[in-house]
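Novice: Here it is: the structure, laid out below.
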Amino acid sequence: MIDLFNEKDVSETINRINQLTPETKPKWGKMNVAQMLAHCNVAYEFVYDNKHPKLGPFTKFLVKLFVKDTVVGEKPYKKNSRTAPEFQVSDDKDFDSEKKRLIDYIVKTQQLGESYFHNKESRSFGPLTKTEWNIMFAKHLEHHLTQFGV
């Protein structure tokens, strides 16, 4: 698995993202490439932006109980896996702006480093280790970059 706290791995990931074009088609799924980039940005919006409502205590408990291991565990996502409502993107998105936002988020994460993230509170899962944060970000990106053949 890539390490998004490692500059070399981040550079390679950005190179993959830069291979995408507005015409890149998915190997599976319903999202177009701009929607996929916007979808990937949501994970970072939860960390850096305050644009999504916080989960209530009961919902957070259920998410931790039933979803956390899938999201922060090393087992890859299955094709056409279900996603949380906040991650669903069905409206039109601008490819260039979504791509730039994603690259900026990835670079910011790498620059802040693993010490910033170690034991940082996740809005959905509670405190996560630096390894869990990396798995969550990296696995999601790997899933969707593979979906779009880069």
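Values quoted throughout were computed directly from the atomic coordinates according to the rules given, and no laboratory measurement underlies them. These figures come from a predicted structure and were not determined experimentally. Note: ideal-geometry Cβ built from the backbone for every residue, glycine included; neighbour counts use all protein chains shown.
Novice: Rg/Rh for the chain to two decimals, with Rh computed the Kirkwood way over all alpha-carbon pairs. List each step's numbers first, then the result.
Specialist: Details: Rg = 14.7 Å, Rh = 15.8 Å.
Result: Rg/Rh = 0.93.
Novice: Continuing with the same structure: Subtracting the Cα-Cα distance from 0.36 nm times the residue separation, let me have the gained length for K51 to K30 in nm, one decimal. Kindly include the intermediate steps, with their values, before the conclusion.
Specialist: Values: separation 21, 0.36 × 21 = 7.56 nm, distance 2.44 nm.
That works out to 5.1 nm of additional length.
Novice: I need the GluC sites (Glu not before Pro) found in region 65-148, filtered to DSSP loop residues with at most 10 other beta carbons within 10 Å of theirs.
Specialist: Working: sites: E74, E86, E98, E114, E121, E132, E142; in loops: E74.
Passing both the DSSP loop test and the Cβ count: E74.
Novice: Expected output is a single nm value to one decimal: the length gained when fully extending between L65 and N18, i.e. 0.36 nm times separation in residues minus the C-alpha distance. What is it? Provide the component values of the computation, followed by the final result.
Specialist: Numbers: separation 47, 0.36 × 47 = 16.92 nm, distance 3.62 nm.
Extending this stretch completely gives an extra 13.3 nm.
Novice: Hydropathy first: keep DSSP H helices in the chain averaging at least -1.0 on Kyte-Doolittle, then drop any whose Cα extent along the axis falls short of 20 Å, and list what survives. Let's see the in-between values first.
Specialist: Numbers: long enough: 33-48 (23 Å, 0.79); 95-117 (32 Å, -0.70); 130-147 (25 Å, -0.84).
What comes out of the filter, once short or polar helices are dropped, is 33-48, 95-117, 130-147.
Novice: Here is a follow-up. So how do V33, V47 line up by other beta-carbon neighbours within 10 Å, fewest first? Walk me through the numbers before you get to the answer.
Specialist: On the way: V33 22, V47 18.
Placing the least packed residue first, the sequence is V47, V33.
Novice: Under the rule of -39500 (n - 2.57) per DSSP H run of 4 or more residues, summed and divided by the residues of the chain, what mean residue ellipticity at 222 nm is obtained, to the nearest 500 deg cm²/dmol?
Specialist: Numbers: 6 runs with 84 residues, N = 150.
Mean residue ellipticity, 222 nm, calculated: -18000 deg cm²/dmol.
Novice: For the chain, modelled as a GNM with alpha-carbon contacts under 10 angstrom, which of F58, F66, F46 fluctuates the most?
Specialist: Residue with maximal mean-square fluctuation among F58, F66, F46: F58.
Novice: Would you mind ranking W28, W133 by Cβ crowding within 10 Å, fewest neighbours first? Provide the component values of the computation, followed by the final result.
Specialist: Details: W28 10, W133 23.
Fewest-to-most ranking of W28, W133: W28, W133.
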